[in-house]
Number of protein chains: 2
Amino acid sequence: MNDSISPSGGCVRDVAVPRPSLENNTADAERLAEALKRELAGGCVQLDYPVVRRLSAMLRSADHRLRCAVLKQGDRWRVSGIKPAADPTPMTGLAVDLGTTRVVLRLIDMQNSVNLAEAAFDNPQLRVGPDILTRIHYAEQDGGLKRLQDLIVGGLNENIDHLLNASGLSSEDIFIMAVAGNTTMTHLLLGLEPHWIIREPYIPAVNRPELLKPEDIGIQMNNMGQIFIFPNIGSYFGGDLIAGIVFSGMDTREQPAILVDVGTNAEVVLGNRHWLMACAGAAGPALESGVAGIGMMAAPGAIEAVAIDPPDRRFTLRTIEGQPPVGICGSGVIDLAAHLFISGMIDIRGKFVAETCGSRLYRNKDGIPYLVLVPADQSATGKALSIGQPDLDSLMRSKAAMFTILETITASVGLAMDELEKFFVAGTFGSLIDPVSAIGIGMLPDLPMDSYQGIGNSSLGGAALVITNCHVIERIEAIRQRITYLELNVNQAFMNRFSAAKFLPHTDPNRFPSVKVWGTPV
Amino acid sequence: MNDSISPSGGCVRDVAVPRPSLENNTADAERLAEALKRELAGGCVQLDYPVVRRLSAMLRSADHRLRCAVLKQGDRWRVSGIKPAADPTPMTGLAVDLGTTRVVLRLIDMQNSVNLAEAAFDNPQLRVGPDILTRIHYAEQDGGLKRLQDLIVGGLNENIDHLLNASGLSSEDIFIMAVAGNTTMTHLLLGLEPHWIIREPYIPAVNRPELLKPEDIGIQMNNMGQIFIFPNIGSYFGGDLIAGIVFSGMDTREQPAILVDVGTNAEVVLGNRHWLMACAGAAGPALESGVAGIGMMAAPGAIEAVAIDPPDRRFTLRTIEGQPPVGICGSGVIDLAAHLFISGMIDIRGKFVAETCGSRLYRNKDGIPYLVLVPADQSATGKALSIGQPDLDSLMRSKAAMFTILETITASVGLAMDELEKFFVAGTFGSLIDPVSAIGIGMLPDLPMDSYQGIGNSSLGGAALVITNCHVIERIEAIRQRITYLELNVNQAFMNRFSAAKFLPHTDPNRFPSVKVWGTPV
């Protein structure tokens, strides 16, 4: 990952501004701009009104030595704040992962790239609706958009306050904020109508917002500061994924790599420093938390890993934080399916095999088969935790969709899967899944283990890079211009690939040489 | 003067934005930017947040036909407002001459460059102090700067209101404001500390402010709008004079021209499309209104022209608006001095000649000679209006200073006075003075009459050009970069020239061949 900070790449610079003299009696603003230009080696320097307003008095009280926060956009350096160089209080930046469900903030000392504090909170827009669609419909009501904006801005300010209190700082100490979110969440933060995002031909209000001032949306930070909003590529390809690309560093590598972000949609980017190809497709909810009845997001008590051991098919379950089991999250379902398959408890179509499942298997009143994972007396809920055939069927479709998307995008550029040097998996899902299991069910290609790299919260990571490296915005702009969006037309070729992927691990087992089923001859 | 509007140079443009489709599903903001780029033939287009915020709904309600206000800065087009193209209400701009004493506003329909209304008011900062120095000292007191800013912003908003009422428009209809003022007035409008402007080495806070948003300083106009502040060259060379250069058009001419703006300081610019040289010097108050006792600014009742006719040296006076005489303004004093000289009533040193002045001349109780212009029974004040020898002495110094400044700046570039093709005189003073008289006293060089051109309120004129021609900001930036400021060191050469100019018209009468004194052989 690309989080190394070159000493010359920071967003905070100390400059000694030449003292005015009869020989150099240009104005304070222009003297600072000239000094910064020398420090920054080129480009033009823009000082906006709120900076100019404080400059003259500060220059003199600081003996002409200033500390400046800067962002680079194109060939322009934008000054996002100034303070006396001798002031020991850090200049900080705020990185924001603006998720539909969860929002994460990180306060960073921009001078030395040290993380000062982090906070996470449920997106307060959940009160209005759990998903994007509900919120967009709500935004269409009278006052709805304003309420949604107020909710998220209020949540941000409240949590900024917590971060500042924890760090002994004030809102005056925040000079840059960088926000990575999907297209709709970005629109709602900016108070832009999301109406047309979900209606053909799916048009955002803006792809690449200019830098905002804090008062534009009411964020509590230094009023000299600037807010960078990650650009999106379109309605279904948001700034969060661009942040992921930046954080993975795939846009700077010579060899092609792939980045997968799994949610209700699977978002996939393939490419290297020369080209980038992106697509998104419905992978179904099963991969995230969508198992009926006992499915849940990754949270304490969620079954996150499953092992089934010979000879008696004993289940070993691991829950998040070791809590008594409450349900099962996406990575747990994948692990479970992989182990059910290699232990012969489900067949290559993903159907329960009655003989091997034994007493764990039962049928509900409609005759549908279910497998007990946790008996009632061992679960946190007091009820047995069971998984049904429909859940497995849903998982089969999801994993097939995911593999088909990966296969389609890779084939579209004429690459074979094994030419991918790196396979980045973003998000909590990426941190939790066991690549062996994901390969075992044929969801991910059978690459060497060290190709796979979970990169955690890459939206937050990408946003943090903007704050700690002044050249990252240029990379973001280059990514935006270089990326090609592949429309996943569900044509016959796609459907053929999809059908072939709806088996465990695949109709063509030669593609998954590492997957071994109990009793399969080695 | 350069006020012709090329059809392609306006600040208001109608664009048909391509409708979104599955083939062109880029965001609304980017589709408008692309359409504008085609209309504007190049450069990049920047849409700030307040514009983006209104765009999506407006695009659709306006059937994708928008009217846009634009300003060009460098290679960037800044969009200062949008509205449906079919909306019949004009997009207007506001030109402001921000004078120390008087402020003038002009509301302009930007689409057809028609002046809608004009208002003038005394700068409300007069309540604090009449001149720049007093106001700067006041600004240093606690809350002083804020009060000065509030006074001028309040005055502007009140008068904007009058203009809008008179035109049947609302503040939402103003999209661009352009302000030309001297360096200190600009600082006070922007709330920037003027403290260092008057202290060696005379440093403004800023020379070239970025475009402001209306809320930056609290101007009542459309919040999508932008405020352009004319840049200054330094503490003593303000944006008002740059506006004058633009309005005169001297920066676009092949042949050298000169521009003179006379106030307490004489500000002079010499140059052409290739180079510009500027200087300013104390010309003394006599040229504006500084005659002791009866001196006044140009206003109703001011003597603005004087003729003295042979054979009996009868005085014919013309007052502004034909009112009974109250006093004498700058142009009147110059006229008077010229006619006193050619009629032999003062000598070449500017001293009264008792024999020719006759009964009009008297001495006050200190023995100082005075000349009666208007007997008590003919004046509006009921007292005789007289001019004293000290007034004439002061005028002699002022006119000598002015001529010396003109001679020095012209000589500095190796030109002779008669190589100047155009001689622009700005301000009310420029509109009122009779060049024959100004040449007659040796204040202005003896050029052909058609060289002289009074250009009136050139600050306002220059500001109006910014609003009606989108390429004027580029010219302003070019002027700023091209101009050389000549420090008028009062050295021996200057003093020699000054001494030679302290005669009527000059020690070297060959330089003023057109000046004929009564009885001088032709």
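Between B:109, B:75, which is away from every other protein chain (no Cβ under 12 Å) and among the acidic types (Asp, Glu)? The conditions single out B:109. Counting residues in segment B:350-358 that are open to solvent by 10 Å² or more (accessible area, probe 1.4 Å), within 25 Å of residue B:447 (Cα to Cα), at pLDDT 90 or above and among the polar types (S, T, N, Q) gives zero.
Taken together, B:41, B:86, B:29 contain a single residue that is open to solvent by 20 Å² or more (accessible area, probe 1.4 Å) and either at positive phi or within 13 Å of another protein chain (Cβ to nearest Cβ) (or both), which is B:41.
Determine whether segment B:5-22 contains at least one residue that is at the interface with another protein chain (Cβ under 9 Å from one of its Cβ atoms), without any contact (Cβ under 8 Å) to a residue 60 or more places away in the chain, under 34 Å from the mean Cα position of the chain (by Cα) and assigned to a strand (DSSP E or B). Scanning segment B:5-22, I find no residue that is at the interface with another protein chain (Cβ under 9 Å from one of its Cβ atoms), without any contact (Cβ under 8 Å) to a residue 60 or more places away in the chain, under 34 Å from the mean Cα position of the chain (by Cα) and assigned to a strand (DSSP E or B), so the answer is no. Being under 25 Å from the mean Cα position of the chain (by Cα), over 27 Å from residue A:20 (Cβ atoms) and crowded, with 18+ Cβ neighbours inside 10 Å is the requirement here; does residue A:106 meet it? When the stated conditions are applied, residue A:106 passes them. Is segment A:129-140 home to any residue that is part of a helix (DSSP H, G or I) and open to solvent by less than 10 Å² (accessible area, probe 1.4 Å)? Looking for residues that are part of a helix (DSSP H, G or I) and open to solvent by less than 10 Å² (accessible area, probe 1.4 Å), one finds at least one in segment A:129-140, hence yes.
At negative phi, of a type in the set (A, V, I, L, M) and under 24 Å from the mean Cα position of the chain (by Cα), is that true of residue B:392? Spelling it out, it is not the case that residue B:392 is at negative phi, of a type in the set (A, V, I, L, M) and under 24 Å from the mean Cα position of the chain (by Cα). Here the strands (runs of 3 or more DSSP E) wholly within segment B:345-444 that include at least 3 residues being in contact (Cβ under 8 Å) with a residue 12 or more places away in the chain are B:369-374, B:385-388, B:422-426. Counting the residues of segment A:247-268 that are under 11 Å from the mean Cα position of the chain (by Cα) and closer than 15 Å to residue A:483 by Cβ gives 4.
Cβ separations smaller than 8 Å between residues 6+ apart or across chains give the following pairs from segment B:62-76 residues that are on the phi > 0 side of the Ramachandran plot to residues that are among the acidic types (Asp, Glu): B:74/B:474; B:74/B:477. Among the residues of segment B:439-448, at least one is small (Gly, Ala, Ser) and modelled with pLDDT of 90 or more.
Within segment A:176-214, the set of residues being in a helix (DSSP H, G or I) and more than 8 Å from chain B (Cβ to nearest Cβ) comprises A:183, A:184, A:185, A:186, A:187, A:188, A:189, A:197, A:198, A:214. Suppose the filter is modelled with pLDDT of 95 or more and in a strand (DSSP E or B); does residue B:52 pass it? So residue B:52 does not fit the description; no.
The set of residues from segment A:287-344 being open to solvent by less than 10 Å² (accessible area, probe 1.4 Å), assigned to a strand (DSSP E or B) and in contact with an Asp or Glu (Cβ under 6 Å, 6 or more places away or on another chain) comprises just one member, A:306.
Looking across A:411, A:426, one residue alone is within 26 Å of residue A:275 (Cβ to Cβ), among the small types (Gly, Ala, Ser) and either under 23 Å from the mean Cα position of the chain (by Cα) or modelled with pLDDT of 95 or more (or both). It is A:426.
Of all residues in segment A:93-114, those satisfying the criterion of being more than 24 Å from residue A:149 (Cβ to Cβ), in contact (Cβ under 8 Å) with a residue 40 or more places away in the chain and in contact with a strand residue (DSSP E or B) (Cβ under 8 Å, 6 or more places away or on another chain) are A:108, A:110, A:111. Whenever a residue of segment A:448-476 is within 15 Å of residue A:430 (Cβ to Cβ), its partners that are part of a helix (DSSP H, G or I) and open to solvent by 50 Å² or more (accessible area, probe 1.4 Å), lying with C-beta atoms within less than 7 angstrom and at least six residues away or across chains, give the pairs A:454/A:431; A:456/A:431.
Total residues in segment B:215-233 satisfying the condition of being open to solvent by less than 10 Å² (accessible area, probe 1.4 Å) and at the interface with chain A (Cβ under 9 Å from one of its Cβ atoms): the figure is 1. Residues in segment A:158-186 that are open to solvent by 20 Å² or more (accessible area, probe 1.4 Å) and of a type in the set (Gly, Ala, Ser): A:166, A:167, A:168, A:170, A:171. On inspection, residue A:36 qualifies as away from every other protein chain (no Cβ under 11 Å), assigned to a helix (DSSP H, G or I) and open to solvent by less than 10 Å² (accessible area, probe 1.4 Å). Residues that are more than 9 Å from chain B (Cβ to nearest Cβ) and either open to solvent by 20 Å² or more (accessible area, probe 1.4 Å) or over 21 Å from residue B:73 (Cα atoms) (or both) within segment A:44-57 comprise A:45, A:54, listed in sequence order. When the criteria are applied in full, residue B:243 meets the requirement of being under 27 Å from residue B:330 (Cα atoms), more than 14 Å from chain A (Cβ to nearest Cβ) and open to solvent by less than 10 Å² (accessible area, probe 1.4 Å).
The set of residues from segment A:58-72 being within 13 Å of chain B (Cβ to nearest Cβ) and in contact with an Asp or Glu (Cβ under 6 Å, 6 or more places away or on another chain) comprises just one member, A:59.
The values are calculated or read from the model by the stated rules, or taken from the named source; none is laboratory data. Owing to the predicted nature of the structure, the values given are computational and were not obtained by experimental measurement. Virtual Cβ from ideal backbone geometry, glycine too; neighbours counted across all protein chains shown. Ligands, DNA and RNA are stripped out before the accessible areas are found, and what is left, the full protein with its side chains, is counted by its heavy atoms. Shrake-Rupley method; radii C 1.70, N 1.55, O 1.52, S 1.80 Å.
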